[in-house]
1. Out of all Cα-Cα pairs in the stretch 8-74, roughly what percent, to the nearest whole number, are more than 13 Å apart?
2. How high is the relative contact order of the stretch 8-74, in percent, counting Cα pairs under 8 Å that sit 6 or more residues apart?
3. R0 = 22 Å: FRET efficiency of Thr19 with Gln39, Cβ-based, nearest 0.05?
Amino acid sequence: MGFDQYHEPPQELPEETRTFARLCASLTEEAEAIGWYEQRLAVERDPEARAVMADAVGEEYKHFCMDLEFLLRRKPKWRETAEGVLFQKGDIVEHGEAAEAAAGSAASTEGSHSESREAAGTLGIGSLKEGR
């Protein structure tokens, strides 16, 4: 069994990093499975087969979302960026640029503010939410 999700020697990586890499690999696998099902559904003519595949792709959506949520819980900056991009109306790229800038400025002050944000139960993204 290969361990090609690692770019550094696995024995040198902390367990938390190896777990994170596993979930990143799982997220990629779920995204690939969704793409495969979408292709199959696009060409399948048998209604019963389509129903089975449509049900299966729903499972892949769920697994993708669960993997993503796990990863976002481990990386506050990633979550902050995602919250600035996901489920927003308007230009995706513009939201991405703004979210990246906001997360970048938050990261530069994170050392002094992260404890107070954790105590308040927030990641410090109130300004992004107010603009919605």
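1. The answer is 67 percent, as a whole percent.
2. Working: 34 pairs, mean separation 28.9, N = 67.
It comes to 43 percent, rounded to a whole number.
3. On the way: r = 31 Å, r/R0 = 1.41.
In this case the efficiency is close to 0.10.
Readers should treat all values here as calculations from the given coordinates under stated rules, not as data from a laboratory. Everything numeric in this text was worked out from a predicted model, so none of it was measured. Positions of Cβ are backbone-derived with ideal geometry, glycine not excepted, and every protein chain shown enters the neighbour counts.
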